[in-house]
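What follows is a short report on a single structure.
Nothing in this text is a laboratory measurement; each read-out follows from the coordinates by a stated rule. These numbers come from a predicted model, not from an experiment. Quick reminder, even Gly has a Cβ in these numbers, built from the backbone with ideal geometry, and neighbours come from all protein chains shown.
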Amino acid sequence: MEYLTAKSAGFCFGVKRAVDTVYEQLNKGGKIYTYGPIIHNETVVEDLEQKGVSVISFEDLKTLTEGTVIIRSHGVPKEVYEVLNEKGIDYVDATCPFVKRIHQIVEKDRNEGKRIIIAGNPNHPEVEGIKSYAGEDFIIVESPEEAEVLNLDSDKEYTLVSQTTFNMSKFKDIVDIFEKKGYYYNVVNTICNATNERQTEAKEIATKVDAMIVIGGSHSSNSRKLFEICSKECKLTYFIQTSEDLKAVELPDSVELVGITAGASTPNNIIEEVQKYVRADF
Ligand code: F3S
């Protein structure tokens, strides 16, 4: 079977940096903890667990007395730094610089009295981190539909930012809605280019191929978004975690070209295994 793999498939800069940080720290020795799983990829997390890395939560942090904590690329709420500093625990901050930039914008604008609006998923850890810099009265909008029903005070000033993995076209729709409503606000498009490029390329490939494979962890929101985008262009779009899942896929005989893309937390070796499977076993 012929296949076409997206150049932008797999680890983005921030995720690669965070994963590399954990392996570097492992080489230095000592007990290593990651605050939450380092990435949304069970294979990588299991490999790290076997090497002695433990995943910890906010509750665990409170009772921690030794070791080094690594903060993942999504970033963490302010309170996490407070606990780490209070307890004098060593940590390495692998928050992606693009996420850090959002924290800074939000904190600065909040201090200037603007009310913060975050376009994103309220349950995503990145948004949990961002909102900790946004004061008490921040607003989270997850969709243009939510923006449409929002009734804001037109005398107030707002700053709109987005989760780095937010869908670009949904963000533009939200901006248009606020524009129409006449709100006085400052828009900072903080969608990461890596996501944008990955989404654009995935869409482009999905229109050309007969079947499309999206590789990603089941909890990875950016991978699920890729699946959503590709499914619109290609009816035969499959969401898988590893090449093992392809065993259950039966492609129709008419399929000649398969597209492959992967979310930001998919390591290269998993992409290569999928390519191998598509080439030899489909
Ligand atoms: Fe950073 Fe963008 Fe990746 S924000 S973690 S480089 S998706």
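Phi angles of region 263-276 translate, via the Karplus equation with coefficients 6.51, -1.76, 1.60 and θ = phi - 60°, into HN-Hα couplings of x, 4, 9, 9, x, 4, 5, 6, 5, 4, 4, 5, 4, 4 Hz per residue; Gly and Pro are given as x.
So for region 161-219, considering every pair of alpha-carbon atoms, how many percent are separated by more than 14 Å? Of all Cα-Cα distances in region 161-219, 65 percent exceed 14 Å.
The helix-only estimate of mean residue ellipticity at 222 nm for the chain, built from DSSP H runs of length n ≥ 4 each weighted as -39500 (n - 2.57), is -13500 deg cm²/dmol after division by the residue total. When peptides 253-259, 89-95 are sorted by average Cβ neighbour count within 10 Å, with the highest value leading, the order is 89-95, 253-259.
Considering every alpha-carbon pair of region 13-96, the percent of pairs per 10 Å bin, from zero through the bin containing the longest distance, is 18, 57, 24, 0. The order of the peptides 157-168, 217-228, 131-142 by mean Cβ neighbours within 10 Å, most packed first, is 157-168, 217-228, 131-142. As a size descriptor, the averaged projected area of the C-alpha convex hull of the chain was calculated at 16.1 nm². Bridging of Lys62 to lysines at a Cα separation below 29 Å is possible for Lys16, Lys28, Lys31, Lys51, Lys78, Lys87, Lys100, Lys108, Lys131, once same-chain residues fewer than 8 apart are set aside.
Note on Met1 and Phe282: the model spin-label points, each 7 Å out from Cα along the C-beta direction, lie 0.4 nm apart. Taking GluC sites (Glu not before Pro) across region 1-77, the ones in a DSSP loop with at most 10 further Cβ atoms lying within 10 angstrom of their Cβ are Glu66. Of the residues Ile102, Val76, Ile118, the one whose Cα sits farthest towards the positive end of the charge dipole of the chain is Ile102 (charges of +1 on Lys and Arg Cβ, -1 on Asp and Glu Cβ, taken about the Cα centre).
Counting every pair of alpha carbons in region 220-282, the share spaced more than 16 Å apart comes to 46 percent.
Cα centroids of region 87-109 and region 197-249: 31 Å apart.
Here the Karplus relation 6.51 cos²θ - 1.76 cosθ + 1.60, evaluated at θ = phi - 60°, turns the backbone of region 230-239 into coupling constants of 5, 4, 5, 8, 9, 4, 8, 9, 10, 9 Hz, with x for every Gly and Pro. Close amide H partners of Thr266, meaning residues 5 or more places away or on another chain with modelled amide H under 5 Å apart, are Gly10, Phe11.
Summarising the overall dimensions of region 98-191 from its C-alpha atoms, the Rg and Dmax are 11.8, 31 angstrom.
Pick out which of Gly88, Gly75, Gly120 has the largest mean-square fluctuation in a Gaussian network model of the chain, springs linking Cα atoms closer than 10 Å. Taking springs between Cα atoms under 10 Å, the residue moving most is Gly88.
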